[in-house]
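The values are calculated or read from the model by the stated rules, or taken from the named source; none is laboratory data. Note that the structure is predicted; figures quoted are calculated from it, not measured. Here the Cβ positions follow ideal geometry from the backbone for every residue, glycine too, while neighbour counts run over all protein chains shown.
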Amino acid sequence: MERRSPDPEPPPESKLPQDPIPVLPEEDNGCCAGNLVIVSEGSPESGQLCRVRLRNREFEVCSRSLYIFPLRSCVRRRVIELVTWWAFDKFILFLIFFNSICLASYDHRSESNSGFNWVSDNIFDPILTSFFTLEFILKVVAFGFVVDKTSYLRDAWNWLDFIVVVTGVLQMTNAITSQEGVGFLRMFRILRPLRSLNAVPQMKVLVNTVLSSIPRLGNVSIMAAFLFVSFGIVGVSLFGGVFYRGCHTIPKPILIGANGTECWSWPFTGEERLCGGRYLCEDGPGGSAGFCGGHEQDTDKALRPVFDGGRQGFPWCQGSAPFKVFPESEWICFDHMGSALITIFQCMTLEGWTDVMYRIQDGHGMVVATVYFFLLIPITSFFLLNVALAVVDEAREDFAEEAADEAAQEEAEERELRAKLEEEAVESKATATHAGHDGAGHPDHPSNKPASLMGQLVDAAEDVTRAMSKALDEEVEDDEAPWWDVAPVRVLLAIATNEVFTNTIMCFI
C-alpha cells in the first residue's frame with residue numbers, strides 16, 4: 001500500500017504592522033471640546049460623584065443630573081462652564097442690585113397701573129423673574145436638583161433662591177391668567193434683595209458667623225433670663241402701682257349723688273407728675289397743697305383710697321378713677337411680671353430709661369429708685385451686651401480659622417494640580433522636541449524652510465493663538481482679582497507686546 005506524504009502546511013500569513021486608529025476622547029470630539037476635564041468618573045448606581053477640573057480648580061459633580069444629562073453630555077458640560085464662570089455670578093449680582101433699586105423706588109401710595117409702578121410690575125418684574133428662573137434651570141442642569149450630595153437644594157443657601165423663583169413664577173402666572181386670591185405672593189418680592197447673601201461671599205461669612213454663635217449664646221440667654229426675672233421681682237415688689245399715683249384736690253374720695261346715681265368723687269389737680277416719693281403735691285393749683293393717692297392695690301397702703309363706710313359697690317365718678325399719669329404704653333410699668341420684663345428690656349436698650357427712673361423717683365423715692373437703676377443699666381446693658389459680643393467674636397475667630405484651613409488646603413491642592421500640569425507640559429514639550437530632532441533632516445521640516453515675512457506672520461499668529469489658549473486655561477475664578485486680570489485683557493496684552501504686531505504698526509505709520 002502506497003503511503004502518501006502529508007500535505008505540507010501552508011506558510012504562516014505574514015502579520016504586517018498596522019497603525020492604530022487614533023480615537024479621541026469623547027470630551028474632545030466636536031462641540032464637546034472645552035476647558036472642562038473629567039478627572040475621575042463616578043457611578044450613578046452607587047451614587048459616587050465625579051471629579052472634574054475647570055479653570056485650575058477641581059470640584060465634584062453628580063454623574064447624571066435629573067437622570068437625563070450625563071457628565072459627558074455637551075449640553076451639561078457647557079452649562080457647568082457657564083454657571084461656574086465669574087462673569088455669570090457678577091451678572092446675577094447686578095440683577096439683584098437692580099431689583100433692589102426697583103423695589104426701593106416702588107411708590108405704594110400711587111396706583112399700580114400708572115407711572116413707574118406699572119413699568120416695574122409689567123416690564124422689570126417679568127424680566128427679572130425670567131432671568132432668575134433661567135439661572136435656577138441652568139444650575140439644576142449643571143449640578144442636579146436634590147438627589148445627589150452636590151445638588152442644588154443640598155446647599156441651604158439655595159433655598160431662598162428657590163423660594164424666590166417659585167413665588168415669582170406663580171405671581172407671573174397669576175398675572176397672565178388674571179386669577180384672584182394669590183396676591184399675597186407679591187410680598188415674597190422683598191426676599192429678592194436677600195439673595196445678595198448667597199451672591200456675595202463676604203456676606204456668607206458674616207451670616208455663618210452669626211448662625212454659628214447662636215448655640216453658644218445659650219448660656220448667655222440663661223444668664224440674661226435669670227437677671228431679668230430677678231430685677232422684675234424686685235421691681236414689682238417695690239414699684240407696683242407707682243405709675244397710678246397722682247395729686248388730688250381732697251384727701252379721700254367722697255360719695256355723691258342719690259337714687260341710683262351714687263359715685264365716688266376724687267378729683268385730680270391736673271398735674272402731669274407722679275407723687276408719693278420725691279414729689280409730694282406741695283404746690284397744688286392756686287398755691288394750695290394737693291393730696292397724693294393711688295389705686296386700691298397700691299404697694300403703699302398709706303396711698304390707697306379710703307372709702308367711708310366701704311366701697312359699697314358704687315363706681316367712680318367721671319374723671320375720678322385712678323389712671324396712669326404717663327400712658328405711653330400700658331405695659332411700661334411694674335404692676336405685674338410681664339410689664340416689668342418689658343420695662344426692663346426697654347431700659348436695657350437705653351431707650352428712655354432716664355425718664356422711667358425720674359418718674360419712679362417722683363412716685364416712690366430718690367434713693368431706692370437710683371440704686372435700682374444704677375444696678376440695672378450696667379449689668380443688663382453693658383455686662384450682658386459685652387458677654388454676647390465676646391461669644392460672637394469667639395465664633396468669628398473659630399470660623400475664620402476654619403476658613404483659613406480650608407483656603408490653605410485648597411491652595412495646596414491647587415499647587416499640586418499646577419505642578420502636575422507643568423510636569424505634563426514638560427513631558428509633552430520633551431516629546432515634541434524629540435520628534436522634531438528625528439525629522440530635522442526631512443525637507444519639509446520647519447527648520448529646513450527659508451524664513452520669510454509671511455512665515456514670521458504665521459509664527460506670530462500661532463504664538464498669539466497659544467497665548468490666548470494659555471490665558472483662557474489659566475483663567476481662575478477669583479473675586480479679589482483686579483478687573484484687568486481676565487483672559488480678554490491678557491490676550492490683548494499678548495498681541496500688543498508681540499514684535500511682529502509692533503513692526504506692522506510701524507510700517508503703517
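Before moving on, here are some points about what is shown:
- Condition met for LEU255 (assigned to a loop (DSSP other than H, G, I, E, B), modelled with pLDDT of 90 or more and not β-branched (Val, Ile, Thr)): no
- Cβ separations smaller than 6 Å between residues 6+ apart or across chains give the following pairs from segment 311-330 residues that are assigned by TED's automatic domain parsing to the domain that holds ASP355 to residues that are among the charged types (D, E, K, R) and part of a loop (DSSP other than H, G, I, E, B): PHE314/GLU262.
- When LEU389, LEU375 are screened for being within 13 Å of LEU227 (Cα to Cα) and part of a helix (DSSP H, G or I), only LEU375 passes.
- Near pairs, Cβ below 6 angstrom, 6+ apart or cross-chain, from segment 119-131 (free of Cβ contacts under 8 Å to residues at least 60 places away in the same chain) to any residue that is surrounded by 15 or more Cβ atoms within 10 Å (Cβ to Cβ) and of a type in the set (Gly, Ala, Ser): THR129/GLY168
- Residues that are touching a residue at least 24 places away in the same chain (Cβ under 8 Å), over 16 Å from TYR152 (Cα atoms) and over 26 Å from the mean Cα position of the chain (by Cα), drawn from segment 50-70: VAL52, ARG53, LEU54, ARG55, ASN56
- The test for being touching a residue at least 60 places away in the same chain (Cβ under 8 Å) and over 30 Å from ASN208 (Cα atoms) holds for ARG418.
- Subset of segment 237-249 [surrounded by fewer than 19 Cβ atoms within 10 Å (Cβ to Cβ) and modelled with pLDDT of 90 or more]: SER237, LEU238
- ARG415 being among the basic types (Lys, Arg), loosely packed, with under 12 Cβ neighbours inside 10 Å, out of contact with any Pro (no Cβ under 6 Å at 6 or more places or on another chain) and outside the structural domain of ARG57 (by TED's automatic domain parsing): yes
- If you check VAL164, VAL169, VAL140 for being in contact (Cβ under 8 Å) with a residue 40 or more places away in the chain, assigned to a helix (DSSP H, G or I) and surrounded by 19 or more Cβ atoms within 10 Å (Cβ to Cβ), only one passes: VAL140.
- The listed residues are LEU341, LEU350, and the only one of them that is at positive phi and within 33 Å of the chain's Cα centre (by Cα) turns out to be LEU350.
- From the options SER40, SER120, SER63, residue that is buried (at least 17 other Cβ atoms within 10 Å of the Cβ) and touching a strand residue (DSSP E or B) at 6+ places or on another chain (Cβ under 6 Å): SER63
- Scope segment 123-137; condition buried (at least 19 other Cβ atoms within 10 Å of the Cβ) and either of a type outside the set (Asp, Glu) or under 18 Å from SER63 (Cβ atoms) (or both); matching residues: LEU128, THR129, PHE132, PHE136
- Residue, modelled with the highest pLDDT, within segment 283-299, restricted to residues that are surrounded by 14 or more Cβ atoms within 10 Å (Cβ to Cβ) and in a loop (DSSP other than H, G, I, E, B): GLY294
- Of all residues in segment 83-112 being touching a residue at least 24 places away in the same chain (Cβ under 8 Å) and among the β-branched types (Val, Ile, Thr), the one that is nearest to VAL141 (Cα to Cα): VAL83
- Filter result for the condition that a residue is modelled with pLDDT under 85 and not in a strand (DSSP E or B), over PHE345, PHE314, PHE307, PHE326: PHE326
- Residue match in segment 170-189 (condition: at pLDDT 85 or above and in the same structural domain as GLU135 (by TED's automatic domain parsing)): yes
- Selection count, segment 258-270, where residues are part of a loop (DSSP other than H, G, I, E, B) and either touching an Asp or Glu at 6+ places or on another chain (Cβ under 8 Å) or crowded, with 17+ Cβ neighbours inside 10 Å (or both): 2
- Tallying residues that are under 11 Å from THR380 (Cα atoms) and either free of Cβ contacts under 8 Å to residues at least 60 places away in the same chain or not in a helix (DSSP H, G or I) (or both) within segment 207-225 yields 1.
- When LEU274, LEU303, LEU280 are checked against the criterion of being among the aliphatic types (A, V, I, L, M), surrounded by fewer than 17 Cβ atoms within 10 Å (Cβ to Cβ), in contact with a strand residue (DSSP E or B) (Cβ under 9 Å, 6 or more places away or on another chain) and assigned by TED's automatic domain parsing to the domain that holds VAL242, a single residue qualifies: LEU280.
- Qualifying residue in segment 145-158 (condition: assigned to a helix (DSSP H, G or I) and under 19 Å from the mean Cα position of the chain (by Cα)): yes
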